[in-house]
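Worksheet: the structure to be examined is printed underneath.
The values are calculated or read from the model by the stated rules, or taken from the named source; none is laboratory data. Keep in mind the model is a prediction, meaning the values are calculated, not measured. Backbone-built Cβ (ideal geometry, glycine too); neighbour counts: all protein chains shown. Just so you know, the surface numbers come from the protein's heavy atoms only, side chains and all, with ligands and any DNA or RNA stripped out. Shrake-Rupley method; radii C 1.70, N 1.55, O 1.52, S 1.80 Å.
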Amino acid sequence: MALSGMRGLSVFISDVRNCQNKEQERLRVDKELGNIRTRFKNEKGLTPYEKKKYVWKMLYIYMLGYDVDFGHMEAVSLISAPKYPEKQVGYIVTSCLLNENHDFLRLAINTVRNDIIGRNETFQCLALTLVGNIGGREFAESLAPDVQKLLLSSSCRPLVRKKAALCLLRLFRKNPDVVNVDGWSDRMAQLLDERDLGVLTSSMSLLVALVSHNHDTYWSCLPKCVKILERLARNQDIPQEYTYYGIPSPWLQVKTMRALQYFPTVEDPNTRRSLFEVLQRILMGTDVVKNVNKNNASHAVLFEALALVMHLDAEKEMMSQCVALLGKFIAVREPNIRYLGLENMTRMLMVTDVQDIIKRHQAQIITSLKDPDISIRRRALDLLYGMCDVSNAKDIVEELLQYLSSADFAMREELSLKIAILSEKFAPDLSWYVDVILQLIDKAGDFVSDDIWFRVVQFVTNNEDLQPYAALKAREYLDKPAVHETMVKVSAYILGEYSHLLARRPGCNPKEIFSVIHEKLPSVSTPTVSILLSSYAKILMHTQPPDPELQSQIGAIFNKYGSCIDVELQQRAVEYIELSRKGAALMDILAEMPKFPERQSALIKKAENSEADTAEQSAIKLRAQQQNSNALVVTDQHPANGPSTVSQISLVKVPAMSNVDGESPDPAVTEANGTLTVVDPPFEDLLGPMAIEGPPSATAEAEHIQASGLAGAPNAGEALAIAPVEGQMNTVQPIGNIAERFQALCLKDSGVLYEDPYIQIGIKAEWRAPHGRLVLFLGNKNTSPLVSVQALILPPAHLKLELSLVPETIPPRAQVQCPLEVVNLRPSRDVAVLDFSYKFSSHVVNVKLRLPAVLNKFLQPIQVSGEEFFPQWRSLSGPPLKLQEVVRGVRPMPLLEMANLFNSYRLMVCPGLDPNPNNLVASTTFYSESTRAMLCLLRVETDPADRTQLRMTVASGDPTLTFELKEFIKEQLVSIPLVARPPAPVPPQPQPTIPPSPSATSDPGALLAGLF
């Protein structure tokens, strides 16, 4: 750009670089911006050189990250300059500073058009670069025809035509409905006859976009693409500058084969024969060499050729050759090549008749599970999962179980799920399946979802021959000294139902079964205690004749939990006490669970239909082609007297899981993110519930489960769903609990805010005093674009929010970033809402999501000593600067857990300041535009005898901040529905102070107690 001649610009850049800190840099930039603004006001006195210099300075300031909100008109006006230096500056700065919706761009359209249709090639290139970079709708409507003419012009130099092709590609991708490509089939065929490889490569990129949109129109281009491949494969008429490490234009080869994959097939036998000759030449001529650059180029061509071979469904001989080549790749030392070999071998699983060939490399694939690179281990796991069938299921599952003990924690959940699916899908017999799942729970209980052991319960319940074996194995696992809680759940449930089948075995009488289960009671959580109580009732019912000693032991346990603070446990215990008095009727009331309605496991079904990454997707598609196994396959059952009125069955319900707070979950509503209503299914797993959801009254299983004490979970018919504020439900359901995602983001600065089958919205945030910067990551998970994307921020009054432009279209498998600037003006608990919508196929999705720009994000924890704390506390004498409230309905938690909770919300707990060990003192600094940095102090007094209530005192120098912080902390401690906020705080009556004893005046803790 020849900036060396601009002395003023060079001096400014040097001054900025010599600044010692950020503040000096800001002062220098502000000074320069003021100078530029003053000079622009007197624009008539500016020479073209000065205007160019100041616009360059604006661009440099913008590149440093500062806002440049003026001078745009001057930059646009330089586009009309007659000389190249000024015109170059105008085009570059305009493309950087302005977006496609800026009003000033309309002023430049005629000038840009004149440059495009003019005869100056340099100006044409500048104009095409601007149009391609901005790519707005108005540019597409006004300039696309001129760009098309320039591309087809034979009088233009190849450099201009290359830029025209790429510019048209950009316009078409951005606005496919605006760029008119009707009748372009013959023109594209004409472009494919171009001898210049630069123009040909750019035109091929355009063709890939066109055929991906509508391949039927471009059948005439298919033979031309094959001829291009023949020319490149034979290295005919290829200039030296397009030969990369001996490979003729690898970029053009890849793009050409990518374009061919959009056509369903190659029908002409001569064209097909020529294409397969080229592919054979590529397969035979590719090998691993020491030169990394040549490897990269040759492998890019090879793997695109492999994808084309699979797409065309080539002969088995060529498929075998492909697998053999990949087998050599997965055995080399270079990790990148091994990764590519494993990934493409997984893709090969989509092709029939090659699975047996891939099995020959099973030992090498298993060895890759121990590779130091986790990405290679993941690809090896995907490949083993995809190549598994009845013939090798035992070997693969055993290897995966052995690998489970040493696998990374990041892989164990996925690994556990795949072991469970494979063992169910290809089980040679059901006893082997039970053995595998129990081993899985024993080795990796923390990573085994509840749905896996729910599925075991279904198998055992539906197969009478399996029940004694499963009960015996459960009994054996309970004898181990260290048993995971998930193992306690499944063992207790199975033994409760079927331990009577083992009564004649040594060590398996009812009293011994009860004893071994009861040993685990002190170490399990509340939900598991619910299952144990139900098992006790079942054991008591099966004990014939009745054992008075066992009855008294179990009765004492029921009596103990009859007064438990947990409502779920209390209700179960009281009901079982009453049921035990029914006598003979108890046998009917607590009878064995009936068989579950038979239907294919949704665990497998969801895995087959889910969209994973490219390699795993191939493995998933293969599952539908493989033979059925002994796994439970279930069909719709209709009543004998006519068609079923309900086409779907209820979710299979096994032992209910109450929430961690010990309260029975509300089956109707859980707190949602923004205006969405989200209801969690009781057995939500990674791949979906275990059976198809339906109305809870469709079958009688739910009634039996409730009778056996296993109810208490939400109905399956109320599975996870979205309800927009209008009351109309979206057809697309979110993945995961939106409210839980929001709560998690309130505590951390990065994570997933929302996800459904088509899109994932992630957040990464950075907070500094009253300012915050959030970046929204919008990721398209599909192979089709998301269109009509809109994002609107609904800000509360206390926040200033500015969201950057959100693109209307998100390309396939792409992620866009949208920065969001946040400024906190004053304290408040109100939350900003993101109104987000998009369209995919026929689905229109609109969701409103709370953004985690909450009060605690503007807190900065600070550690204070007694000397600093007491004067501040004394100066804040009473309401409204110091508020005190007795809070009831607090979630019971140990004092240490409460301290950790405060620390997670950026409230620094200060130990040693309060003389009472049951109390907590915390401090923090709150930042906003109105309060600046404001110190906040907190004291919490707890009662060890009753953890459900406490007294809380909050103090700060701002009345609104004191009230908002007190209410915010109370919301985190109390589990109650949110109610309308009062218009103004009603300060409570001040509590009388407790004077310190004379003996304690020198003790900081005693002094603090006196101040309180």
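Mind checking which lysines have their C-alpha under 18 Å from Lys966, skipping anything on the same chain fewer than 8 residues away?
In chain and number order, the partners are Lys857, Lys882.
Taking the Cα centre of the range 733-856 as origin and charging only Cβ (+1 Lys, Arg; -1 Asp, Glu), how large is the dipole, in debye to the nearest 20? Could you put the intermediate results ahead of the total?
Numbers: 13 positive and 10 negative charges, 33 e Å.
I would put it at about 160 debye.
With the cut-off at 24 Å, tell me which of the pairs Lys294/Lys781; Lys51/Lys149; Lys149/Lys224 have Cα atoms farther apart than that. Each step should come with its number before you reach the end.
Numbers: Lys294/Lys781 32 Å; Lys51/Lys149 34 Å; Lys149/Lys224 22 Å.
The answer is Lys294/Lys781; Lys51/Lys149.
I'd like the carbon and sulfur percentage of the solvent accessible area for the range 499-586, probe radius 1.4 Å, heavy atoms only, ligands and nucleic acids excluded.
About 54 percent, which is the carbon plus sulfur part of the accessible surface.
Quick check on the range 1-112: what are the equivalent-ellipsoid semi-axes from the Cα gyration tensor, as sqrt(5λ), descending, whole Å?
For the range 1-112, the ellipsoid semi-axes come out as 24, 16, 13 Å.
With a 10 Å radius around each residue's Cβ, average the other Cβ atoms per peptide and rank 70-80, 843-853, highest first.
Those peptides, ordered most packed to least, come out 843-853, 70-80.
Give a residue-ordered list of calculated ³J(HN,Hα) values for the range 176-182 (Karplus: 6.51 cos²θ - 1.76 cosθ + 1.60, θ = phi - 60°; whole Hz; x for Gly, Pro).
Going residue by residue, I get x, 7, 9, 6, 7, 10, 5 Hz, with x marking Gly and Pro.
Using θ = phi - 60° and the Karplus form 6.51 cos²θ - 1.76 cosθ + 1.60, what ³J(HN,Hα) does each residue of the range 435-449 get, whole Hz, x for Gly and Pro?
4, 5, 5, 5, 4, 4, 5, 5, 8, 9, x, 5, 10, 9, 6
Treat the range 239-390 as a sphere of radius equal to its Kirkwood radius over Cα pairs and apply Stokes-Einstein at 37 °C in a medium of 0.692 mPa s; give the translational diffusion coefficient in µm²/s, rounded to a whole number.
Value of D from the Cα-based Kirkwood radius: 203 µm²/s.
Rounded to whole Å and ordered largest first, report the semi-axes of the equivalent ellipsoid of the range 105-232 derived from its Cα gyration tensor (root of 5λ).
25, 17, 10
Compute the separation of the alpha-carbon centres of the range 806-821 and the range 289-318 and state it in Å as a whole number.
32
What lysines does Lys53 reach when the alpha-carbon gap must be under 21 Å and sequence neighbours fewer than 8 apart in one chain are set aside?
Lys31, Lys41, Lys44, Lys83, Lys87
Run the dipole for the range 199-269 about the Cα centre, Lys and Arg Cβ at +1, Asp and Glu Cβ at -1, nothing else charged, and hand back the magnitude in debye, nearest 20.
That gives a dipole near 120 debye.
Taking amide hydrogens as modeled 1.01 Å from N in the peptide plane, which residues meet the under 5 Å criterion relative to Leu753, leaving out close sequence neighbours?
Close amide H contacts, sequence-distant or interchain: Ile761, Gly762, Ile763.
Relative contact order for the range 292-378 using alpha-carbon pairs under 8 Å, separation at least 6, rounded to a whole percent? All intermediate terms of the calculation are to be shown ahead of the outcome.
Details: 55 pairs, mean separation 21.9, N = 87.
Averaging sequence separation for qualifying contacts and normalising by length gives 25 percent for the range 292-378.
Want the number for Asn235 to Val574: 0.36 nm per residue separation, take away the alpha-carbon distance, what's left?
Extending this stretch completely gives an extra 113.5 nm.
Where Rh denotes the Kirkwood radius from the mean inverse Cα pair distance, what is Rg over Rh for the range 849-888?
Values: Rg = 14.9 Å, Rh = 13.4 Å.
Ratio of gyration radius to Kirkwood radius for the range 849-888: 1.11.
With no solvent and one equal point scatterer placed on each C-alpha of the range 362-519, evaluate the Debye formula and give log10 I(q)/I(0) for q = 0.11 Å⁻¹, two decimals.
These q points yield log10 I(q)/I(0) values of -0.46.
Express the relative contact order of the range 119-238 as a whole percentage, based on alpha carbon pairs under 8 Å and six or more residues apart in sequence.
Relative CO of the range 119-238 lands at 24 percent.
In whole Å, what is the distance between the alpha-carbon centres of the range 518-581 and the range 378-449?
So the separation of the two Cα centres works out to 35 Å.
Which of the listed residues, Leu64, Leu78, Pro48, is farthest toward the dipole's positive end in the range 1-110, when Lys, Arg count +1 and Asp, Glu count -1 at the beta-carbon?
Value computed over the given set: Pro48.
Return the whole-Å distance between the Cα centroid of the range 62-98 and the Cα centroid of the range 4-53.
The range 62-98 and the range 4-53 have Cα centres spaced 15 Å from each other.
Sequence neighbours fewer than 8 away in the same chain don't count; with that in mind, list the aspartates and glutamates whose C-alpha is under 17 Å from Lys848.
Glu671, Glu726, Glu740, Glu755, Asp756, Asp830, Asp835
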